[in-house]
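S.K.: Let me begin by handing over the structure; questions about it come next.
No lab work stands behind these numbers, since they all come straight from the coordinates. All of these numbers come straight from a predicted model, not from anything done at the bench. Here the Cβ positions follow ideal geometry from the backbone for every residue, glycine too, while neighbour counts run over all protein chains shown.
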Amino acid sequence: MARDGIAAYMPAMVSTLYSRDILRLASAIPHLGRLETPQGTAERTSPVCGSRVVVDVVVDGAGRVADLRQEVQACALGQASAALMGREAIGRTGEEFATARDAFAAYLTGARGDPGDWPGLEVFSEARRVTARHRSILLAFDAAAAATEAAAALVRVR
């Protein structure tokens with residue numbers, strides 16, 4: 001009897017978690033691939049599900065992303081997050097990625113009521129209750145922040 005209750009609950013949970021908007025984003029990730037000569041690279045992996053994101057960047061003299069590529073091996077939620085990160089990445093600084101990541105993480109955990117200023121992140125409202133997916137959802141922002149900060153440090157050293 002209990003098993004039937006779980007089975008009845010699962011399709012509804014899955015359909016709200018993996019909404020049409022999430023699936024559309026997951027199928028349209030911009031800046032896929034790797035840069036031949038990046039100034040900064042960062043790889044992030046979720047130990048829970050094995051999702052993995054690698055971000056390569058080139059920055060301008062002000063430390064803003066001039067070019068970005070990403071390799072995304074993640075669930076639909078991680079892919080959707082990478083799509084939203086990639087859409088707005090050009091011209092951003094490492095600090096902006098880190099700020100977006102931190103606000104988004106606080107939103108996912110319920111510490112704040114909105115996901116911050118990065119466009120589109122409210123699509124993850126249903127994912128807030130599935131804590132096992134939070135790390136995968138944050139991978140692209142975490143990798144972009146680290147790669148951009150590393151590249152900006154390299155540019156400042158020159």
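S.K.: How far is helix 94-109 tilted off the main Cα axis of the chain, in degrees rounded to 10, range 0 to 90?
M.R.: Helix 94-109 sits roughly 10 degrees off the main axis of the chain.
S.K.: Counting Lys and Arg as +1 and Asp and Glu as -1, each charge on the Cβ, what is the dipole of the chain about the Cα centre in debye, to the nearest 20? All intermediate terms of the calculation are to be shown ahead of the outcome.
M.R.: Details: 18 positive and 18 negative charges, 65 e Å.
About 320 debye.
S.K.: Cut-off 10 angstrom, C-alpha nodes, Gaussian network model of the chain. Which of GLY116, GLY61, GLY33 fluctuates the most?
M.R.: GLY61
S.K.: Note down the net charge around CYS75, summing +1 for each Lys or Arg and -1 for each Asp or Glu among other residues with Cβ under 13 Å from its Cβ.
M.R.: Details: positive: ARG52, ARG133, ARG135; negative: none.
For residues surrounding CYS75, the net value is +3.
S.K.: Would you please give the FRET efficiency between VAL155 and ASP21, computed as 1/(1 + (r/R0)^6) with r the Cβ-Cβ distance and R0 = 35 Å, to the nearest 0.05? If you can, show how the numbers build up before the last one.
M.R.: Values: r = 36 Å, r/R0 = 1.04.
Calculated transfer efficiency: 0.45.
S.K.: Here's another thing I want to ask about it. Measure nothing fancy, just the Cα-based angle from helix 76-87's long axis to the longest principal axis of the chain, in degrees from 0 to 90, nearest 10.
M.R.: That works out to roughly 30 degrees.
S.K.: Using only Cα atoms, find the angle between the long axis of helix 134-157 and the longest principal axis of the chain, and express it within 0 to 90 degrees, rounded to the nearest 10.
M.R.: 0
S.K.: Given only helices, namely DSSP H runs of n ≥ 4 each adding -39500 (n - 2.57), what is the per-residue ellipticity at 222 nm of the chain, to the nearest 500 deg cm²/dmol?
M.R.: Details: 5 runs with 75 residues, N = 158.
Dividing the helical sum by the residues of the chain leaves -15500 deg cm²/dmol.
S.K.: Let me ask something additional. For a quick check: with amide H placed at 1.01 Å from N, whose amide H comes under 5 Å from VAL59's, ignoring anything fewer than 5 positions away on the same chain?
M.R.: Here the answer is GLN39, ALA66, since their amide H atoms fall under 5 Å of that of VAL59.
S.K.: A follow-up question, please. Which Rg and Dmax, in Å, describe the Cα atoms of the chain?
M.R.: Computed over the Cα atoms of the chain, radius of gyration and Dmax are 16.5, 67 Å.
S.K.: With unit charges on the beta carbon (Lys/Arg positive, Asp/Glu negative), name the residue among PHE97, GLY116, SER27 whose Cα is farthest towards the positive pole of the charge dipole of segment 2-157.
M.R.: Farthest along the dipole direction, towards plus: SER27.
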